[in-house]
Amino acid sequence: MTEALLARWRRTLGAAHVLNGEDAEPYLLDHRGRYHGRALAVVFPDSTETVAQVVRDCVAQRLPMVPQGGNTGLVGGGIPDPRAPAVVINLRRCQRIRKLDPANNTLTLEAGCTLARAQQAAREIDRLYPLSLASEGSATIGGNLATNAGGTQVLRYGNTRELVLGLEVVTAQGDIWNGLRGLRKDNTGYDLKQLYIGSEGTLGIITAACLKLFAPTPTQHAALLAVPDMAGCIALLERLEQVFGPQLTAFEVMSAASLDVVRQSFPDLRPPLAQAPWQCLIEVSSALDPAQQGAALEAALATLLEQGRIQDAVIAQNVAEFERLWAIRESISDAQRKQGKNLKHDISLPRSEMVRFIEHCQQRLRERLPGLIFITFGHLGDGNLHYNLTRPAHLSEADFLAQQAALAEIVHDEVHAHQGSISAEHGIGQLKRDVLPRYKSDVELGLMKQIKQALDPLNLMNPGKVLP
């Protein structure tokens, strides 16, 4: 990179928005401290046009580019490769709300807006943007789109992919594609937006989106249920879907070990139920009268208790209790972090395979490393488990981490054998890039490579991510 190019960017973007050296360091380390990259510069364009100009400048000099949002990813997708320094293009300054359209139930906004801001913008016109993540205060819409984020309400509303009507994208050549159409039906050729959603910045840079909004669900109830085994959790989910239909907004599971970690790390968040092999956090949301919906939930849980489907239950009686139940679930990852390194696996499985997977995988892992602790929790409603492993007490952290590849291979092989996916909502990034060919067919990988070659023939967009 020439000093002339840096100087030009400082003139057009402002000196404070072009970083290199020590000033760039916070943007070169992922928040888990796992990946540390190198950058020729970190730049902060403030519009789609300036993003496009930076991309054209990089193409002219054959400089690799790494799009970055809130840097909350878990697979190293927004961190440059330390072997090939790149230009990090951070979109946090592109954060305008472009259009609120209550008649069409859409919100058009720029990629640097945080998820929390998108949710607030929807509330301002009495609408709901339902994507919900623990990191919503810092995760950006562009990052949500690039990774096809999931979260806690996929059961009712779907992944990010299903919440998008249109995109604006800066291509790998620096052209601007404006596909911000708020249409729910548009059969005029290839659905280009779906190529960019979930592509982790390897095909282009998403700069804006037109998102679906929904009628608000002002009446919300949450309950925590004790269940004897995973088979019981699956049966409970099926039953609650029959009773509540689309009013069942979330269905989360937490193993006993997961809740033990929360008790140890956050004593003020002690779960209100006695220990049980599994606990399920459910949320029912609608526009019904609160008393009517609350009575329906109480009646349903009373029947489940009588039938022996659940061992115990508690219903949140007010907003504070509602938020406390969700805080317990959302604190599991932080609680694990406080207790040291652990091996995370973000996986999805058909519900019909969940019990067999857990049985087979735990048996193989225990044979490989006796004393392993399984921290299993996640979004059972959409088949997504966070299947994390904590080191046995007798093993040092270094010795435990040395077995990461072997343990991950067992988990991923079992996931694959049970018709699942090795990445449910976090993406591939750097973390799973090199193992992806083990689980993708040659045909599937070949098609992915052809798309990459067609849209980014110079391989300058986030190289070294997703594809080996």
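The values are calculated or read from the model by the stated rules, or taken from the named source; none is laboratory data. Since the structure is predicted, the reported quantities are computational estimates derived from the model, not experimental observations. All Cβ positions, glycine included, derive from the backbone under ideal geometry; neighbour counts span all protein chains shown.
Going by the structure shown, is Leu165 touching a Lys or Arg at 6+ places or on another chain (Cβ under 8 Å) and among the aliphatic types (A, V, I, L, M)?
Values: touching a Lys or Arg at 6+ places or on another chain (Cβ under 8 Å): yes; among the aliphatic types (A, V, I, L, M): yes.
Yes, satisfied.
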| remark: Selection from the range 101-113 of residues touching a Cys at 6+ places or on another chain (Cβ under 6 Å) and part of a loop (DSSP other than H, G, I, E, B) yields Ala111, Gly112
| note | The condition of being surrounded by 20 or more Cβ atoms within 10 Å (Cβ to Cβ) and outside any strand (DSSP E or B) holds, among Leu155, Leu195, Leu224, only for Leu155
| note | Of Thr171, Thr202, Thr219, the only residue that is buried (at least 20 other Cβ atoms within 10 Å of the Cβ), in contact with a strand residue (DSSP E or B) (Cβ under 9 Å, 6 or more places away or on another chain) and of a type in the set (S, T, N, Q) is Thr202
| How many residues are under 25 Å from the mean Cα position of the chain (by Cα) and within 19 Å of His412 (Cβ to Cβ) when one looks only at the range 365-378? | 5
| note | Here the residues within the range 255-304 that are closer than 27 Å to Leu128 by Cα, part of a strand (DSSP E or B) and either touching a Phe, Trp or Tyr at 6+ places or on another chain (Cβ under 6 Å) or not hydroxyl-bearing (Ser, Thr, Tyr) (or both) are Cys280, Leu281, Ile282, Glu283, Val284
| message | Against the definition (among the hydrophobic types (A, V, I, L, M, F, W, C) and either in contact with a helix residue (DSSP H, G or I) (Cβ under 6 Å, 6 or more places away or on another chain) or farther than 27 Å from Asn148 by Cα (or both)), how does Leu385 come out, yes or no? | response | no
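Going by what's in this entry, would Leu109 be described as over 24 Å from Val284 (Cα atoms) and crowded, with 22+ Cβ neighbours inside 10 Å? So that I can check it myself, show each step before the final result.
Numbers: over 24 Å from Val284 (Cα atoms): yes; crowded, with 22+ Cβ neighbours inside 10 Å: yes.
In short, yes.
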| remark: By residue number, the members of the range 450-466 that are surrounded by fewer than 18 Cβ atoms within 10 Å (Cβ to Cβ) and part of a loop (DSSP other than H, G, I, E, B) are Pro457, Leu458, Asn459
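Picking from Asp46, Asp30, Asp23, Asp57, which residue would you name as being acidic (Asp, Glu) and surrounded by fewer than 14 Cβ atoms within 10 Å (Cβ to Cβ)?
Details: Asp46 fails: surrounded by fewer than 14 Cβ atoms within 10 Å (Cβ to Cβ); Asp30 fails: surrounded by fewer than 14 Cβ atoms within 10 Å (Cβ to Cβ); Asp57 fails: surrounded by fewer than 14 Cβ atoms within 10 Å (Cβ to Cβ).
Result: Asp23 is the single residue among Asp46, Asp30, Asp23, Asp57 that is acidic (Asp, Glu) and surrounded by fewer than 14 Cβ atoms within 10 Å (Cβ to Cβ).
Of all the helices (runs of 4 or more DSSP H) wholly in the range 384-449, which have at least 1 residues that are crowded, with 17+ Cβ neighbours inside 10 Å and charged (D, E, K, R)?
On the way: elements: 397-401, 404-417, 436-439.
Here the list reads 404-417.
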| said: For the range 282-291, check the following and say yes or no: at least one residue is free of Cβ contacts under 8 Å to residues at least 24 places away in the same chain and among the charged types (D, E, K, R). | reply: no
| remark: Just one listed residue, out of Arg161, Arg181, is surrounded by fewer than 18 Cβ atoms within 10 Å (Cβ to Cβ), part of a helix (DSSP H, G or I) and of a type outside the set (S, T, N, Q), and it is Arg161
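So if I check each of Val66, Val87, which one is at pLDDT 95 or above, within 19 Å of the chain's Cα centre (by Cα), assigned to a strand (DSSP E or B) and within 19 Å of Leu28 (Cα to Cα)?
Working: Val87 fails: within 19 Å of the chain's Cα centre (by Cα).
Exactly one residue qualifies, and that residue is Val66.
Rundown of residues vs (1) of a type in the set (Ser, Thr, Tyr); (2) at positive phi; (3) not in a helix (DSSP H, G or I), yes/no style:
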| residue | (1), (2), (3) |
| --- | --- |
| Ala24 | no, no, no |
| Arg32 | no, no, yes |
| Thr50 | yes, no, no |
| Cys58 | no, no, no |
| Arg62 | no, yes, yes |
| Gly76 | no, yes, yes |
| Arg83 | no, no, yes |
| Lys99 | no, no, yes |
| request: Those residues that are modelled with pLDDT of 95 or more and within 18 Å of Leu389 (Cα to Cα), I need them from the range 296-330; list them, please. | output: Arg329
